[in-house]
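The values are calculated or read from the model by the stated rules, or taken from the named source; none is laboratory data. Since the structure is predicted, the reported quantities are computational estimates derived from the model, not experimental observations. In this analysis, Cβ positions are derived from the backbone assuming ideal geometry, glycine residues included, and neighbour counts consider all displayed protein chains. Areas reflect the complete protein model, heavy atoms only, side chains present, ligands, DNA and RNA absent. Shrake-Rupley method; radii C 1.70, N 1.55, O 1.52, S 1.80 Å.
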Amino acid sequence: MNSAATSAGPDIRHAGPNARGLARDATRERLALISLSAPAFVLVLITMVLPVAWLFWLSFLADNGSFSLEHYRRLVEQPSYGRTFVVTFEVSLLTTAICILLGYPLAYVLSQLPRRAANLCLVAVMLPFWTSLLVRTYAWLVLLQRSGLINTWGMQLGLWTEPLPLVHNLNGTMIGMVHIMLPFLVLPVLGAMRSIDKDYLKAAANLGAGPVRAFWTVFFPLSMPGLIAGALIVFILCLGFYVTPAVLGGGKVIMVANAIANDIELFFNWGAASALGVVLLALTFLFLYVASRVLRLDQLFGGGHGA
């Protein structure tokens with residue numbers, strides 16, 4: 001038994017100088033990799049971990065500095081906070097759904113165009129990235145207000161007789177958020193579509209599948225990783241929107257970020273604002289966990305093979 005174990009796995013202490021030298025080289029390589037990545041870890045610690053930890057700490061401090069759960073009790077007792085979270089998730093989910101309906105066909109068209117024409121069209125998709133979010137939001141305010149260009153031209157053309165309520169409500173908020181978030185969905189989906197081997201579609205056609213069937217049975221499933229990645233990016237970014245609901249919502253669409261700003265700017269209550277941030281962070285992680293279990297993201301992205 002001992003001889004078999006010795007022959008199967010000799011102790012490095014009894015190995016020759018070559019084996020000990022290889023072990024030392026491996027150790028030095030690991031230390032070098034750790035030293036190279038140390039600045040990145042320190043940056044993440046300073047910019048992400050410590051602020052979140054400070055946020056948690058403030059959420060459990062009362063006004064007198066003692067440990068308390070009063071901020072979390074306030075979130076449960078006051079229905080307005082519950083409505084704020086419901087509005088935040090409803091607006092985020094609706095924005096994500098509209099971006100999917102608009103962005104997936106757009107990405108598909110771009111993936112079928114010649115590379116040069118697709119790149120030119122992609123520049124138009126990415127133009128919003130080159131303009132400040134605040135500028136884009138106020139531009140929509142100019143377009144959508146009662147005396148704005150859209151209502152003015154619509155009434156001049158006889159499409160409607162009275163100004164439409166396009167701003168200072170949910171309609172204006174959704175228009176502004178979809179315009180801002182659409183590129184975040186198009187880019188991952190387009191990347192996934194461009195990576196699909198066209199031979200798969202040719203094989204489906206050779207087996208008798210028409211264009212529509214080949215799309216739904218071959219192309220669409222292969223593009224799902226990009227679609228889900230883009231949808232998750234859009235949804236998570238929408239949860240933290242502040243400027244667009246504040247400007248285009250006109251105070252009628254209050255999301256969690258707006259409530260946090262009100263607690264700090266109007267009431268100077270950092271503890272209540274921190275509690276809101278902690279609950280939003282926890283709900284986001286919970287949503288992502290449920291989505292990963294329902295959609296089986298590990299299998300979808302090739303990270304695992306479940307039963």
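Working from Cα pairs under 8 Å separated by at least six residues, relative contact order for segment 122-281 is 24 percent. Each of A205, F219, I175 was placed along the dipole of the chain (beta-carbon charges, centred on the mean Cα), and the one lying farthest toward the positive end is A205. Here the dipole of the chain is about 820 debye; that uses its Cα centre as origin and unit charges on the Cβ of Lys and Arg (positive) and Asp and Glu (negative).
From most to least packed by mean Cβ count within 10 Å, the peptides 252-264, 152-164 give 252-264, 152-164. Could you pull the accessible area for D199 with a 1.4 Å probe, rounded to 10 Å²? Roughly 90 Å² of D199 is accessible to a 1.4 Å probe.
Label-to-label distance, W216 versus W57, with points set 7 angstrom from Cα along the beta-carbon direction: 5.7 nm. What shape does the chain take by its C-alpha gyration tensor, where a ≥ b ≥ c are the square roots of the eigenvalues and a/c under 1.5 counts as rounded, a/b above b/c as prolate, and the rest as oblate? Judged from the Cα gyration tensor, the chain comes out oblate (a/c at least 1.5, b/c at or above a/b). What full-extension length gain, to one decimal in nm, is calculated for S80 and R115 as 0.36 nm per residue of separation minus the Cα-Cα distance? Result: 7.5 nm gained on full extension.
Peptides 182-192, 137-147 ranked from most to least packed by the mean count of surrounding Cβ atoms within 10 Å: 182-192, 137-147.
A cut-off of 5 Å between modelled amide H atoms, ignoring neighbours fewer than 5 places along the same chain, links L61 with S68.
Along segment 233-248 the Karplus relation, 6.51 cos²θ - 1.76 cosθ + 1.60 evaluated at θ = phi - 60°, assigns HN-Hα couplings of 4, 4, 5, 5, 5, 5, 4, x, 5, 10, 5, 4, x, 5, 8, 7 Hz to successive residues, with x for each Gly and Pro. Here's the picture: charge each Lys and Arg Cβ at +1 and each Asp and Glu Cβ at -1 in the chain, and of Y138, L190, T96 the one pushed furthest to the positive end of that dipole is L190.
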